[in-house]
Amino acid sequence: MKIENSPLSSENQKSAQERRSDYFDSGVGTTLQKLHSFMRFVSRQDVAKHRAYVALFEMTRGIVGSIAECGVYFGQGLMTYANLAAAFEPYNYQCRIIGFDTFEGDRSHSEPDVNGNMVDRSVWNYEAKALDDLQRAITIYDLDRPLNHLQKVQLVKGDLCETAAAFMTAHPETLFRIIHLSVNLYLPTRSVLQHFYPKLSRGGILAIHGLNYSAPGAQRALSEVVEQQFGEKVDLRTFEYYPNLVYSVRQ
Ligand SMILES: C[S@@+](CC[C@H](N)C(=O)[O-])C[C@H]1O[C@@H](n2cnc3c(N)ncnc32)[C@H](O)[C@@H]1O
């Protein structure tokens, strides 16, 4: 089942989302006027999510590295980071935004993802076949930013169980300032942590969605790889306005 609303939404919230969708289609203004007044249309949850991304970006100002968005979906997080980078660090060419996704929905489920899970991930599927569409978004984004002869946003298609290792083999120079994980599943999360975490700069941030709530597989991967395999303590924190996101600053 594809996800339109969060499986954690109440009936009232689903109804508000339907009204929001109708309002976007029928509200006054051209498409550009709607984009310029986008706060008319977005939910408080999306505003809070946006603020959390801004906070992670701000906390890692001056830290060397790129931003890995692991789980792109329709590109909300990816293009948030891309726009923040272009708006606030237009000359920081060494920070790239790299989005990893199958672009065909969730893959590589395993037993830890269902054990004690409040979201049945074998039923719900975050599927967005958005690779070509996001390339269009990136082309438009590139039209109006400084240093646009240098690539800023890169998309990597495939299952992270394979692409995480392959990416580091192809780009061994890569360092990260943010590793942002929202795939929610044990195996791809484990693969990202094994191959990317050693390249997270000190002061950089590891951010994972759904810990202590809806992603037990991601939580297990964190414990097995970062704490047990690498022997590092994580100091997990969240945002009270957006508790779906948990993060740790690398010491
Ligand atoms: C919850 S969505 C990501 C939301 C996104 N960060 C945003 O800002 O809207 C989860 C994404 O993870 C991707 N995904 C799931 N399993 C994957 C895997 N094994 N490898 C790569 N991507 C995967 C899905 O295709 C989906 O787009």
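The values are calculated or read from the model by the stated rules, or taken from the named source; none is laboratory data. Note that the structure is predicted; figures quoted are calculated from it, not measured. Cβ sites come from the backbone with ideal geometry, for glycine too, and all protein chains shown count toward neighbours. Surface accessibility is based on the protein's heavy atoms, side chains included, excluding ligands, DNA and RNA. Shrake-Rupley method; radii C 1.70, N 1.55, O 1.52, S 1.80 Å.
Quick check on my filter: what residues within the range 53-75 are in contact with a Ser or Thr (Cβ under 9 Å, 6 or more places away or on another chain) and of a type in the set (A, V, I, L, M, F, W, C)? Once the filter is applied, which keeps residues that are in contact with a Ser or Thr (Cβ under 9 Å, 6 or more places away or on another chain) and of a type in the set (A, V, I, L, M, F, W, C), the range 53-75 yields 54, 57, 63, 64, 67, 68, 70, 72. Contact annotation: residue pairs with Cβ atoms under 8 Å, 6 or more positions apart or on different chains, pairing a residue in the range 119-135 that is over 16 Å from residue 70 (Cα atoms) with a partner that is of a type in the set (D, E, K, R) and not in a loop (DSSP other than H, G, I, E, B), are 121/113; 122/113. The single condition among (1) open to solvent by less than 30 Å² (accessible area, probe 1.4 Å); (2) more than 16 Å from the ligand (Cβ to nearest atom) that residue 96 does not meet is (1). If you check 145, 107 for being more than 9 Å from the ligand (Cβ to nearest atom) and surrounded by 14 or more Cβ atoms within 10 Å (Cβ to Cβ), only one passes: 145.
Among the residues of the range 66-93, those identified as open to solvent by 40 Å² or more (accessible area, probe 1.4 Å) and within 16 Å of the ligand (Cβ to nearest atom) are 73, 74, 76, 83. For the range 103-138, the set of residues classified as on the phi > 0 side of the Ramachandran plot and among the small types (Gly, Ala, Ser) consists of 105, 108, 116, listed by residue number.
Could you go through the range 84-93 and let me know if any residue there is touching a residue at least 60 places away in the same chain (Cβ under 8 Å) and among the small types (Gly, Ala, Ser). Scanning the range 84-93 turns up at least one residue that is touching a residue at least 60 places away in the same chain (Cβ under 8 Å) and among the small types (Gly, Ala, Ser).
Note on the range 162-251: enclosed strands (runs of 3 or more DSSP E) holding 1 or more residues that are surrounded by fewer than 24 Cβ atoms within 10 Å (Cβ to Cβ) are 200-209, 237-239, 242-249.
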